[in-house]
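The values are calculated or read from the model by the stated rules, or taken from the named source; none is laboratory data. This is a predicted model, so every value here is computed, not measured. When we count neighbours, we look across all protein chains shown, and the Cβ atoms used for this are built from the backbone with ideal geometry, even at glycine. Quick note on the areas: whole protein, heavy atoms, side chains included, nothing else; ligands and nucleic acids left out. Shrake-Rupley method; radii C 1.70, N 1.55, O 1.52, S 1.80 Å.
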Amino acid sequence: MVKLQCVRGTYDLYGDAKRKTKQVVAAGEQVVEKYGFEEIETPIFEFTEVFARNLGDTSDIVTKEMYCFQDRGGESLTLRPEGTAGVVRAFISNGMQQNLPVKLYYHGQMFRYERPQKGRQRQFTQFGVELLGADTPQADIEVIAMAYEFLEKLGLAGQVVVEINSLGDSESRNAYREKLVAYLQEHFDELSEESKNRLERNPLRVLDSKEECDKAVVENAPLYADSLNEASKTFFNKVLNGLDKLGIKYRVNNRLVRGLDYYSHTVFELVTDKLGAQGTVLAGGRYDGLVEQMGGGAVAGIGWACGVERLAMLLDETPEVVRPIAVIPVGEDTEDKALEIAYALRRAGLKVEQGYSGNLKKRMIKANKIKACKAVIIGSDELAKGMVTLKDLDSGEQKTVVIEQLIEELK
Ligand code: ATP
Ligand code: MG
């Protein structure tokens, strides 16, 4: 027997749910294109090392979430779990460093093997942006403003908070790391097994842990802000001042670190309390070392990605659907004319439905069911005079119209 369900953690997206995700992507595109970002589409799978080497070998994604497989040629490939590594790979492979800054956006399916729950799927969609080759705070401000405007466009600005933190430059990061490791070692026995392992390889990740026992330890951990050097502090303050100037409200969250290894300086998340544990709808940050680490030049980068389904779940209203016009032939001898008229109306830009069978009564019932706004009824007597009946399905009013004037009447 063939199994007829979707694989766990994957869903068929259609109807209202699909309309909403489409609306999210459309809003994202409209906003980021105004900022000069252009779309890029990278392959859905890459060589495994594109992700394994660059997301950090202690990240959740690399240690337990990737869909890796060997293809028939023996290559180890991975379904993309996120967008940045692939976009940066494309940036380098296509020699885009020649013309900086480069501003790219993408949307598409991502794959992560994790425990499915509300707002957490194994196949999901991200919409994201990457700004490469701009290392000033202005870039951070612009990229965050863009995220904010995007949520505003979806009517969600009032429901989310911008949480922001700075991880500083590598000097600050190392200084903090030392302090944190010393602190965590004092509390070693209280940590989860996973965090005990991370302590060696990437202690920052402990701050990001969702385990209750870790959270309790993290509560009193040294604050990142105390380890930032002057240059990093100045950078961060410029970002915050810029957000103030634009009137974008934020909350500095000293515990925010982000799951991947490549971040530096500004990290941020847009968070809502409406989705339970899956409250982060958009997340991003600066990743100045990534391009170089991947084998490109020393090119700065900053970007964000949002979970399209998570955002769509926040939209209360179903996007409006354009109501169609029903074209209804009465009797077989008017069917050809109905086809012709429907074709002409569609080519004039109107949304038209023609029932595929049935008498007048059945077709009228169908027209109401699909919420048609008007019906063009084609009877043979009128047709002989070059006319049709145009009926308003809301008011019930109807009149006869010369076929040549039909488009005019409907527009
Ligand atoms: P989380 O802490 O929720 O696991 P993350 O840090 O793994 O999030 P990112 O890699 O930063 O998430 O991805 C950016 C955004 O993509 C998230 O804020 C979220 O909205 C969305 N996202 C991430 N994983 C999933 C998933 N499994 N299902 C649906 N959306 C997701
Ligand atoms: Mg995750």
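Inside segment 174-233, can you point out the residues that are touching a strand residue (DSSP E or B) at 6+ places or on another chain (Cβ under 9 Å) and either surrounded by fewer than 18 Cβ atoms within 10 Å (Cβ to Cβ) or not in a helix (DSSP H, G or I) (or both)? Reasoning before the result, please.
Quick first cut of segment 174-233, residues touching a strand residue (DSSP E or B) at 6+ places or on another chain (Cβ under 9 Å) only: 224-225, 228, 232-233.
Of everything in segment 174-233, those that are touching a strand residue (DSSP E or B) at 6+ places or on another chain (Cβ under 9 Å) and either surrounded by fewer than 18 Cβ atoms within 10 Å (Cβ to Cβ) or not in a helix (DSSP H, G or I) (or both) turn out to be Ala225, Leu228, Lys233.
Restricting attention to segment 318-345, and to residues there that are touching a residue at least 60 places away in the same chain (Cβ under 8 Å) and assigned to a loop (DSSP other than H, G, I, E, B), which single residue is least open to solvent (accessible area, probe 1.4 Å)?
Among them, the one singled out is Pro319.
Tell me the residue from Phe37, Phe91, Phe47 that is hydrophobic (A, V, I, L, M, F, W, C), away from ligand 2 (no atom under 16 Å from the Cβ) and over 22 Å from Arg286 (Cα atoms), please. Before you say what the answer is, go through the steps one by one.
On the way: Phe37 fails: over 22 Å from Arg286 (Cα atoms); Phe91 fails: over 22 Å from Arg286 (Cα atoms).
Exactly one residue qualifies, and that residue is Phe47.
Go through (1) more than 16 Å from ligand 1 (Cβ to nearest atom); (2) within 29 Å of the chain's Cα centre (by Cα); (3) more than 21 Å from Ala305 (Cβ to Cβ) for Val206 and report which single condition fails.
It fails just one condition, (1).
Identify all residues within segment 242-296 that are open to solvent by 30 Å² or more (accessible area, probe 1.4 Å), more than 15 Å from ligand 2 (Cβ to nearest atom) and within 20 Å of the chain's Cα centre (by Cα); write none if there are none.
First pass over segment 242-296, keeping only residues open to solvent by 30 Å² or more (accessible area, probe 1.4 Å): 244-247, 249-255, 258, 261, 271, 273-274, 276-277, 280, 288-289, 292-295.
Retained after the next criterion (residues that are more than 15 Å from ligand 2 (Cβ to nearest atom)): 244-247, 249-255, 273-274, 288-289, 292-295.
Across segment 242-296, the qualifying residues are Asp273, Lys274.
So the check is Cβ under 8 Å with 6+ separation or different chains; which pairs have a first residue in segment 81-99 that's in a helix (DSSP H, G or I) and a second one that's among the acidic types (Asp, Glu)?
Taking only residues 6 or more apart or on different chains, the pairs are Thr84/Glu130; Ala85/Glu46; Gly86/Glu46; Val87/Glu130; Val88/Glu130; Arg89/Glu46; Phe91/Glu130.
Quick one: Ala27 ticks every box in (1) surrounded by 13 or more Cβ atoms within 10 Å (Cβ to Cβ); (2) more than 24 Å from Tyr263 (Cβ to Cβ); (3) more than 16 Å from ligand 1 (Cβ to nearest atom) except a single one, so which number is it?
(3)
Report, by residue number, each residue of segment 63-78 that is open to solvent by 40 Å² or more (accessible area, probe 1.4 Å) and within 16 Å of ligand 2 (Cβ to nearest atom).
As a first pass, look at segment 63-78 and keep what is open to solvent by 40 Å² or more (accessible area, probe 1.4 Å): 63-64, 67-76.
Once the filter is applied, which keeps residues that are open to solvent by 40 Å² or more (accessible area, probe 1.4 Å) and within 16 Å of ligand 2 (Cβ to nearest atom), segment 63-78 yields Thr63, Lys64, Tyr67.
Looking at (1) within 20 Å of Val7 (Cα to Cα); (2) open to solvent by less than 60 Å² (accessible area, probe 1.4 Å); (3) within 11 Å of ligand 1 (Cβ to nearest atom), which is the only condition Asp60 fails?
(1)
Can you find even one residue in segment 140-161 that is closer than 18 Å to Glu38 by Cα and outside any helix (DSSP H, G or I)?
Looking for residues that are closer than 18 Å to Glu38 by Cα and outside any helix (DSSP H, G or I), one finds none in segment 140-161, hence no.
Residue check: is Gln126 out of contact with any Asp or Glu (no Cβ under 9 Å at 6 or more places or on another chain), open to solvent by 10 Å² or more (accessible area, probe 1.4 Å), within 16 Å of ligand 2 (Cβ to nearest atom) and assigned to a strand (DSSP E or B)?
Details: out of contact with any Asp or Glu (no Cβ under 9 Å at 6 or more places or on another chain): no; open to solvent by 10 Å² or more (accessible area, probe 1.4 Å): yes; within 16 Å of ligand 2 (Cβ to nearest atom): yes; assigned to a strand (DSSP E or B): yes.
Criteria not met by Gln126.
Scan segment 129-161 for residues that are open to solvent by less than 50 Å² (accessible area, probe 1.4 Å) and in contact with an Asp or Glu (Cβ under 8 Å, 6 or more places away or on another chain) and report the count.
1
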